[in-house]
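S.K.: I'd like to ask some things about the structure below.
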Amino acid sequence: MAIACVFIPSFPMAAAWRERTACATLPAQVAAMVVDRPQRGRVIALSAAARALGARLGMSQVQAAAAAPEAEILVHDSALTARCWEEALEALDAASPAIESPRAGVAYLDLRGIPLTLERQRERIARSMNPWPAQVGVARARLAAYAAARAQRIVAPQEEAAFLAAQPLRLLGLPAQDQERLTLLGVRRLGQLAALPAGALARRFGTQALRWHALARGEDRMPLRPRPRRGAIAASAQAQEPIDRMEAVLFACRGLIEQLAADLQRAGRRCARLELTLESERGEGRRLRCEVASPTARADVLFTLLRARLESALETRNEAVSGVRVEAARVEDGGIPLTLLTASHPDAESLQTALARVAGAFGEESLQRAEVRAAFRPEGRFAYAPFDVGGALASVERHHAQHAATTQPAAHLCLLRERREITVRVRRGRPCAVDDDEIVEVAGPWRTAERWWSGGNERDDYDVQTASGALLRIAREGSRWYVLGSYA
């Protein structure tokens, strides 16, 4: 078995430098460093020139700037780094079908079954990584391949033990505390670690030391864990002439959905989010999103959702369409999860279809739900959030469970959107009438004093029942009275 390792030193630095200069290779004479955030950040990558000036990894931005004042400071962009590394991995797909990437800048490729010599494969991998300054090494185990990549060489199986023994201990990536303890014991190279008794090492450092010992000896029993393929599953079509009729657009979408569903089924995947892009005759694109409550690969279900979303969109935008693209923006593993008892459960597909129609007619912001918050006052105990079908179905299940355990229905407080000022008569410090409606029962007061540090007022809340049968939540702030809501 042969494993190739692709190593790009200081990949965040290479990605940031490429974004700034369109060149991924940093000139040797340029002093530059990457900090993890704009203000008061710490150095996470630096060039050899910056290191020669005195900057070190882990320094604060102020310390590093003082040590190397002429060094250029770049701010780390995690999204940019991830995107650049994903592009590099896609380029490596042509070299091996199985690629494991533990972090950005390091990738392991399984070379089994490829009818090329190791030297030819190494050259091929290096060419595929252009323009990144990649170093490629080949060995039998991952750690040896990583060390070989740093040396840019191929390590033969009979040379691997001696090659590993000469490598520094830091290649294992041990926790700083364990690295320091081993260094104090005189263990600075992998060969010295491999020479220690495994049992004594485990008693002092724990069971994880057994894996360190095995890796130092060149023994790696863990197979490669290939990264999942992220190829887009999509279908598109271009019209010879712009289409301004709804039926023609829907006909084109039906064919694209059937093609998309067939691709999903062949890949053993299900669509959880559908995205539709409509291209106008002026070349402008409009993207519509459909969330799929129950991920599926069924063409009829996906088309129903798409149609509900599309009809409203075309009605509100009277413009011809010259191109259509449908993409499964989020996919999941195949199989359809079924509940054990479905009689009392809502139909997720019907619910999602209805929501797609509402979103198409009134916009995405019209779909909101109330969620419970921790607060003392009732009007602060909820807030509106974007509607989530999965959360709605879960809340229905919780409601069924609570309803089954409840013997007596409880009254619910329905808060007014805006509280209303009222006139309340008080007798002996307690309310006795609301707008000339006598109070027959009263509970309270419940005093709250929120945000007192910013001038907030104390408030006393009461639950009252009037002679007319109304059950109200009222409150007093200073000398004023308000009705907050009613019980139903």
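S.K.: Would you please give the residues with an amide H less than 5 Å from that of ALA98, counting only those at least 5 places away or on a separate chain, with H modeled from the backbone geometry?
M.R.: ASP110
S.K.: Can you list the residues, at least 5 places off or on another chain, whose amide H is less than 5 Å from the amide H of ALA297, using H built in the peptide plane?
M.R.: So ALA297 has HN proximity to CYS271.
S.K.: Under 13 Å from a point 7 Å along the Cα-to-Cβ line of ARG425: which residues of region 456-471 have their amide N that close?
M.R.: Residues 467 qualify, since their backbone N sits under 13 Å from the label point.
S.K.: Can you compute 3J(HN,Hα) from phi for each residue in region 86-99, using the Karplus curve 6.51 cos²θ - 1.76 cosθ + 1.60 with θ = phi - 60°, rounded to whole Hz and x for Gly and Pro?
M.R.: 5, 5, 5, 5, 5, 5, 6, 4, 6, 8, 7, x, 10, 10
S.K.: Return, ordered by residue number, the residues of region 38-56 whose backbone nitrogen is under 19 Å from a label point located 7 Å along Cα→Cβ of ARG83.
M.R.: 38
S.K.: List every residue whose amide H lies under 5 Å from the amide H of ILE243, counting only residues 5 or more places away in sequence or on a different chain, with H placed 1.01 Å from N in the peptide plane.
M.R.: VAL321, SER322
S.K.: Let me ask you something else. Work out from phi, with θ = phi - 60° and the Karplus expression 6.51 cos²θ - 1.76 cosθ + 1.60, the ³J(HN,Hα) of each residue of region 283-289, listed in order in whole Hz, and give x for Gly and Pro.
M.R.: Whole-Hz 3J(HN,Hα) from phi for region 283-289: x, 7, x, 10, 9, 10, 10.
S.K.: So if each residue of separation counts as 0.36 nm, and I subtract the Cα-Cα distance between ASP263 and MET246, what length gain in nm does that give?
M.R.: Between ASP263 and MET246, full extension yields an extra 3.5 nm.
S.K.: Also: How large is ³J(HN,Hα), in whole Hz, for each residue of region 150-161 in order, when computed from phi with the Karplus curve 6.51 cos²θ - 1.76 cosθ + 1.60 and θ = phi - 60°, using x for Gly and Pro?
M.R.: After applying 6.51 cos²θ - 1.76 cosθ + 1.60, I find 5, 9, 6, 8, 10, 9, 6, x, 6, 9, 5, 4 Hz.
S.K.: Once each part is reduced to its C-alpha centroid, what is the distance from region 146-191 to region 230-306 in angstrom?
M.R.: Taking the Cα centre of each part, region 146-191 and region 230-306 sit 52 Å apart.
S.K.: Right, another one. Please go through region 243-320 and write out the trypsin sites (Lys or Arg not before Pro) that DSSP classes as loop and that have at most 12 other C-beta atoms within 10 Å.
M.R.: Here the trypsin sites (Lys or Arg not before Pro) that fit, given the DSSP loop and packing criteria, are ARG245, ARG282, ARG317.
Bear in mind these aren't lab numbers, they're just calculated from the coordinates by the rules spelled out. Computed from a predicted model, the values in this text were never measured in an experiment. Neighbour counts are summed over all protein chains in view; Cβ atoms, including those assigned to glycine, are modelled from backbone coordinates with ideal geometry.
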